[in-house]
Amino acid sequence: MLTQEELKRILKYDPITGQFRWKVKLSNRVHVGDVASCKNKGGYIVIRINYKLYRANRLAWLYMMGEWPKEHIDHINGTAYDDRWCNLRQVSRSQNLQNSKKKYCKNGYKGTYKVGDKWYSRIMADRVDICLGTYNTEEEAYAAYCEASKKYHGEFGRIN
């Protein structure tokens with residue numbers, strides 16, 4: 001398993017920009033000083049070290065804290081490729097999911113769904129689906145979701 005010592009020997013992490021740069025030449029394609037990264041299909045920055053891919057956010061945690069994260073590393077602003085230290089925090093899986101962007105909502109408002117000619121709002125909290133009510137407009141339904149998100153998820157609640 002990669003250690004902080006080995007990571008710091010190979011890469012330099014800039015906590016202000018979130019970028020990793022190579023400190024050693026590991027292959028013909030790698031040059032000292034080059035940015036060490038590429039994006040995966042999910043938009044996360046990944047870095048290959050000794051034939052293994054690592055997410056840069058987890059490497060940043062190891063680099064700064066001296067140990068592998070015990071749980072998930074969340075991008076506070078929801079941008080998967082923004083690995084600045086001020087944008088990373090260790091969270092539970094549930095907290096990480098609360099801060100996720102809505103991927104499947106056709107209307108663009110997280111927690112709102114069309115039900116006939118009315119708008120339905122719901123939220124998940126502690127694995128329980130909570131009905132927030134039916135509203136005349138999607139804005140009203142979304143307002144209910146935003147209020148509930150603050151109540152149930154606090155700082156981890158993502159509002160579009």
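Values in this text are rule-based calculations from the coordinates and carry no lab data. Everything numeric here is computed off the predicted structure, so don't read it as measured data. Here the Cβ positions follow ideal geometry from the backbone for every residue, glycine too, while neighbour counts run over all protein chains shown.
Simple spin-label estimate for LEU26 and GLU6 gives 1.0 nm between the two label positions (7 Å along the Cα-to-Cβ direction from each Cα). Going from the fewest other Cβ atoms within 10 Å to the most, the residues LYS12, LYS41 appear in the order LYS41, LYS12. Shape class for the chain: prolate, because the ratio a/c of the largest to smallest gyration tensor axis (alpha-carbon atoms, square roots of eigenvalues) is 1.5 or more and a/b beats b/c.
For TYR54, TYR13, which order do you get if you count the other beta carbons within 10 Å of each Cβ and list the fewest first?
Final ranking by Cβ density, sparse to dense: TYR54, TYR13.
Once the Cβ-Cβ distance of SER94 and TYR51 is raised to the sixth power relative to R0 = 30 Å, the FRET efficiency obtained is 0.35.
Placing +1 on the Cβ of every Lys and Arg and -1 on the Cβ of every Asp and Glu, with nothing else charged, gives the chain a dipole about its Cα centre of roughly 700 debye.
Choose one of LEU62, LEU7, GLN90: the residue whose Cα lies farthest towards the positive end of the charge dipole of the chain (beta-carbon charges +1 Lys, Arg; -1 Asp, Glu; about the Cα centre). So the residue we want is LEU7.
Which residue, GLN19, THR79, ILE49, has the largest displacement toward the positive end of the dipole of the stretch 4-91 when charges sit on each Cβ (Lys, Arg +1; Asp, Glu -1)? Positive-end residue among those listed: ILE49.
If the segment from ARG127 to LYS41 were pulled out straight at 0.36 nm per residue, it would be longer than the present Cα-Cα gap by 28.2 nm. Report, in degrees rounded to the nearest 10, the 0 to 90 angle that the Cα long axis of helix 138-153 makes with the longest principal axis of the chain. It is inclined by approximately 60 degrees.
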